[in-house]
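Below: one structure, written as structure tokens.
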Protein chains: 2
Amino acid sequence: MSELFSFHLAASDGGARTGAITTAHGVVHTPAFMPVGTQASIKGVHHDDVRASGAEILLGNTYHLMLRPSAERIAALGGLHTFMRWPYPILTDSGGFQVMSLAPLRKISETGVTFRSHVDGAVIELSPERAVEVQNLLGADIVMQLDECVRLPAERGDIERAMKLSLRWAERCKRTFEGAAPGRALFGIVQGGDDPVLRLQSARTLVDIGFPGYAIGGLAVGEPQEVMLKIVSETTPALPVDRPRYLMGVGTPADLLESIARGVDMFDCVMPTRNGRHGLAFTRFGPINIKNAHHAEDPRPLDPQSRCPAARDFSRAYLHHLFRSGEALGGTLLSIVNLFYYQDLMAGARAAIAAGRFADFAAETKARWAVKSDRRSGES
Amino acid sequence: MSELFSFHLAASDGGARTGAITTAHGVVHTPAFMPVGTQASIKGVHHDDVRASGAEILLGNTYHLMLRPSAERIAALGGLHTFMRWPYPILTDSGGFQVMSLAPLRKISETGVTFRSHVDGAVIELSPERAVEVQNLLGADIVMQLDECVRLPAERGDIERAMKLSLRWAERCKRTFEGAAPGRALFGIVQGGDDPVLRLQSARTLVDIGFPGYAIGGLAVGEPQEVMLKIVSETTPALPVDRPRYLMGVGTPADLLESIARGVDMFDCVMPTRNGRHGLAFTRFGPINIKNAHHAEDPRPLDPQSRCPAARDFSRAYLHHLFRSGEALGGTLLSIVNLFYYQDLMAGARAAIAAGRFADFAAETKARWAVKSDRRSGES
């Protein structure tokens, strides 16, 4: 851990924690939600809107960026922050998860993973060393180790093999990352599927290796929410209190509240933007599917009290019309609405934890979702 | 013409004119360029960016809006200004042009035009009376008469028949529009194809009928630029000096400069947004096709001196990457760049006309386009 990268735990409230991660590109207040900038762009949303939503850190996808335009080109253009003009913190994943889920002809060995590029068919090797090198070229503030993520349900033998391979890769990543610029950090990733024993073994070995932060990977990959939360509950106590904990690829607003209660500090998910593009708005009143016909003549905004201009300024009827007409602006506006919603949820959680009332905050938030203001009074 | 709608001619410079149109929703400085909000949305661009570009008036497409979500629904939701949250002036076309170009099974008679909706297959009748009624329901500040537009080249007999039908429709539209709310105006449309005699006949008859503004329609429909400019040159002298002149569906930056020199005050075109979505940026240095490979490593912005943040803040390499990766943000950013460019071109023209140096302004502007700053020095 460099001198400049640090995590300061400001307050705890039950299992929930609030604090701040300091990086060379700025401070990230936790619990934090990271919008996903897959190809150096938050899909359909201008960076200024992402920033206005309150996002303090983005996630960049190493897999996509190494294939196009390539890590070397981004480095030559000044690194990912300069390239995409996001001067704030960036976390990059290792590329491993997307290799497993997207790349054709992938082959995993002790050395690393070999796959064909979905862009031009080239054969690419991604070793733990190369995964760190690519993320260094991108200039990420937080670099993730290469790991092997097993989709659930899976055989215990497969889960254990992948978990142990990920631990060996973690050591190789740490060696490669040594001497990286100050203010940057490499996180280890806990694997072990839905097996608590394997999870504990993974967490303890990673802690022995020693990282400035720890992720919980291999969840939200097909298992029920209660399984995910059980694993989170059993894993976070095995992680150091003074290091940030990042639950990868999660999730719904309810997932976030439950995971914060179990001691998670960081999240990423495509849900706000992907669901937004498909017409689903997250609001204080719960999700609203704007494509439903009963919005067609509804002059009300999504939420007149929202901090988000798109949620206040446009009627549900207009947003409905944009989706029915195939106008891309609809997806953009709902993505912005959702990014604001997720950031406001995190800000609310941080304030509630600091005030020692996180459980009440979570209960109140969920109670509001249950009120069906999706429909106007008098409508069925 | 209502009391509130007015056109004030501030200055002339040769054939070029600058002035201001006052409507119930605000003032439009001329020469003016109207971005096209086909389906109550400027494709891919947030209204705030459209406004920031300097646009004072939008064009809405009656054909699209009457089919979806319907003029009656928009009226029930407060009219188009409220529906789309654009509180500034709006001009709507009559729907005629798009019926001719988009609708299946269209049939033109003295009564009007009958066609099938491309949305749900319903048979729709659009008469001159209904075209005005729809635009009244939408609440447009400037309403266009229904006309028949003939694609060029065409037989003189066809052009003459359509022109004369358009004149009869003009009278019916005027009768229907009488008593409309103050601050709104109905424009007549000069037709006559590429035939100067028919154009003059159309213009003179329309002036006899009497409108607060006149459009030149049926151009930019397949004829060479010199034919279009010749017709414009021969038509504008037949129109009253004290009424705004609107050249429909035009055009390139060069088309605009040439037409302004010939006395045109208003334009609309999808070119800034459509070309933007396809990777073509209009800049002071001429058009730049950002998809070309030589931009892939170019760290320069499109124009560091632009008033448009998107033209200043993002590198050509990044914009190129967005297009190569299929990220919608690329089309959005280039659309914004182009909307700013068009508005800045109009603002420059207005200032130059007021200063009596429009010819120099046009010559200087075109001379800069010829400088090939599309490529870096040393590149072929």
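The values are calculated or read from the model by the stated rules, or taken from the named source; none is laboratory data. It should be emphasised that the depicted structure is a prediction, and the values quoted were computed from it without experimental measurement. Ideal geometry is used to build each Cβ from the backbone, glycine not excepted, and the neighbour counts take in all protein chains shown. The protein model used for the area step is the full one, side chains on, heavy atoms only, and it has no ligands, DNA or RNA in it. Shrake-Rupley method; radii C 1.70, N 1.55, O 1.52, S 1.80 Å.
So what is the 222 nm mean residue ellipticity for chain A from helices alone, if each DSSP H run of at least 4 adds -39500 (n - 2.57) and you divide by all residues, rounding to the nearest 500 deg cm²/dmol?
Computed ellipticity for chain A at 222 nm equals -12500 deg cm²/dmol.
I'd like to compare A:216-229, B:242-255: which one has the highest average count of other Cβ atoms within 10 Å, and what's the full order after that?
B:242-255, A:216-229
Specify, for chain B, the residue whose C-beta is closest to the rotation axis mapping it onto chain A, with the distance given in whole Å.
B:328, 3
What Kirkwood Rh does chain A have if only Cα atoms enter the pairwise 1/r average? Answer in Å.
21.2
Provide the per-residue ³J(HN,Hα) series for the stretch A:149-163, in order, calculated from phi with Karplus coefficients 6.51, -1.76, 1.60 and θ = phi - 60°, each as a whole number of Hz, with x at glycine and proline positions.
In residue order, the calculated couplings are 9, 9, 6, 9, x, 8, 5, 4, x, 5, 4, 5, 4, 5, 5 Hz.
Below 8 Å between Cα atoms, with a sequence gap of 6+, how large is the relative contact order for the stretch A:162-264 in percent?
The normalised contact order for the stretch A:162-264 reaches 25 percent.
For A:43-50, what's the mean count of beta carbons from other chains sitting within 10 Å of each residue's beta carbon?
4
Under the definition of partner shielding as Cβ atoms of other protein chains within 10 Å of a residue Cβ, what is the mean value for peptide B:321-328?
So the per-residue partner count for this stretch is 6.
Quick one: what are the phi-derived ³J(HN,Hα) couplings along the stretch A:299-304, Karplus 6.51/-1.76/1.60 with θ = phi - 60°, whole Hz, x for glycine and proline?
For the stretch A:299-304, the Karplus curve yields x, 6, x, 4, 7, x Hz.
Calculate how many DSSP beta bridges within chain B are antiparallel, expressed in % of all such bridges and rounded to the nearest 5.
Of the beta bridges lying entirely in chain B, close to 50 percent run antiparallel.
Using all alpha carbons of the stretch B:212-370, what is the percent of pairwise distances in each 5 Å bin, ordered from the shortest bin to the longest?
All Cα pairs considered, the percentages come to 2, 9, 17, 19, 18, 13, 10, 7, 3, 1, 0.
Could you sort out which of A:43/A:174; A:43/A:366; A:43/A:107; A:174/A:230; B:164/B:230 sit more than 24 Å apart by Cα distance in this structure?
A:43/A:174; A:43/A:366; A:43/A:107; A:174/A:230
Taking a label point 7 Å from Cα toward Cβ, how far is residue B:179 from its twins in the other copies, in nm, shortest first?
So the label point of residue B:179 gives 8.7 nm to the other copies.
Given a Förster distance of 22 Å, report the FRET efficiency between residue B:359 and residue B:241 from their Cβ-Cβ distance, rounded to the nearest 0.05.
0.65
Separation of the stretch B:21-46 and the stretch A:234-255 by C-alpha centroid, Å?
Using only Cα atoms to place each centre, the spacing works out to 49 Å.
Quick one: check the C-alpha center-to-center distance for the stretch A:159-200 versus the stretch A:64-119, whole angstrom.
18
State the extension gain, in nm to one decimal, for the chain segment bounded by residue A:252 and residue A:178, taking 0.36 nm per residue of separation less the distance between their alpha-carbons.
Value of the extension gain: 23.1 nm.
What list of ³J(HN,Hα) values in whole Hz, one per residue of the stretch B:361-366 in order, does the Karplus curve 6.51 cos²θ - 1.76 cosθ + 1.60 (θ = phi - 60°) give from phi, with Gly and Pro shown as x?
Values, residue by residue: 4, 5, 5, 5, 4, 5 Hz.
Given the stretch A:86-228, report the % of alpha carbon pairs whose separation exceeds 21 Å.
42
For the B and A pair, go ahead and give the buried accessible area with a 1.4 Å probe, both sides summed, in Å² to 100.
For chain B against chain A, roughly 2800 Å² becomes buried.
Could you give, in nm with one decimal, how far residue B:10 is from each other copy of that position, shortest first, with labels 7 Å out from Cα toward Cβ?
In nanometres, ordered from closest: 5.0.
Taking 7 Å along the Cα-to-C-beta vector as the label spot, tell me the residue A:156-residue B:285 distance in nanometres, rounded to one decimal.
6.5
Could you compute the FRET efficiency for residue A:294 and residue B:70, with r as their C-beta to C-beta distance and R0 at 22 Å, rounded to 0.05?
0.85
Where the eigenvalues come from the Cα gyration tensor of the stretch B:27-69, what are the semi-axes √(5λ) of the equivalent ellipsoid, largest first, in whole Å?
20, 13, 6
Ordered by packing density, taken as the mean number of other Cβ atoms within 10 Å over each peptide's residues, highest first, how do A:174-180, A:270-276, A:135-141 rank?
Highest-to-lowest ranking by the protection proxy: A:135-141, A:270-276, A:174-180.
What are the semi-axes of the equivalent ellipsoid for the stretch A:1-60, taken as the square roots of 5 times the Cα gyration tensor eigenvalues, largest first, in whole Å?
Semi-axes from the Cα gyration tensor: 24, 15, 9 Å.
Could you work out what % of the accessible surface of the protein assembly as shown is carbon and sulfur, using a 1.4 angstrom probe and leaving DNA, RNA and ligands out of the count?
53
Placing one identical point scatterer on every Cα of the protein assembly as shown and ignoring solvent, what is log10 I(q)/I(0) from the Debye formula at q = 0.06, 0.09 Å⁻¹?
-0.45, -0.88
For peptide A:310-317, how many partner chain Cβ atoms fall within 10 Å of a residue's Cβ, on average?
Across A:310-317, the average partner-chain Cβ count within 10 Å equals 3.
Once amide H atoms are built 1.01 Å from N in the peptide plane, which residues 5 or more positions from residue B:32, or in another chain, come under 5 Å H to H?
B:266, B:267
Using only the Cα atoms of the stretch B:1-123, what semi-axes does the equivalent ellipsoid have when each is the square root of 5 times a gyration tensor eigenvalue? Give whole Å, largest first.
The answer is 29, 19, 14 Å, longest axis first.
Averaged over every viewing direction, what's the projected area of the C-alpha convex hull for the stretch A:152-260? Give it in nm², one decimal, please.
Its average projected convex-hull area is 6.9 nm².
Nm distances between the label at residue A:210 and the same-position labels in the remaining copies, 7 Å along Cα→Cβ, shortest first?
Here residue A:210 shows inter-copy label distances of 9.3 nm.
Under 5 Å between amide H atoms, partner at least 5 residues away or on a different chain: which partners does residue B:17 have, H built in plane at 1.01 Å?
Distant-sequence amide H within range of residue B:17: B:263.
Quickly rank B:190-198, A:102-110 as a protection proxy: mean count of other C-beta atoms within 10 Å, highest first.
Listed from highest to lowest mean packing, they are B:190-198, A:102-110.
Amide H of residue B:298: which non-local residues (sequence gap of 5 or more, or other chain) have their own amide H closer than 5 Å, using H built in the peptide plane?
B:317
Along the three principal axes, how long is the stretch A:277-380 when you take its alpha carbons, biggest first, rounded to the nearest angstrom?
The Cα atoms of the stretch A:277-380 stretch 46, 30, 20 Å along the principal axes, largest first.
Give me D for the stretch B:107-160 in µm² s⁻¹, whole number, from Stokes-Einstein with Rh from the Kirkwood sum over alpha-carbon pairs, 20 °C and 1.002 mPa s.
It diffuses with D of about 165 µm²/s by this estimate.
Determine the per residue accessible area of the stretch A:73-130 with all protein chains present and a 1.4 angstrom probe, expressed in square angstrom.
That works out to 44 Å² for each residue.
How much accessible surface area, in Å² rounded to 10, belongs to the heavy atoms of residue A:25 with a 1.4 Å probe?
70
Once R0 is set to 41 Å, what does the formula 1/(1 + (r/R0)^6) return for the Cβ-Cβ distance between residue A:117 and residue A:366, expressed as a FRET efficiency to the nearest 0.05?
0.40
Using Cα pairs closer than 8 Å and at least 6 residues apart in sequence, work out the relative contact order for chain B, in percent.
With pairs under 8 Å counted, the relative contact order is 18 percent.
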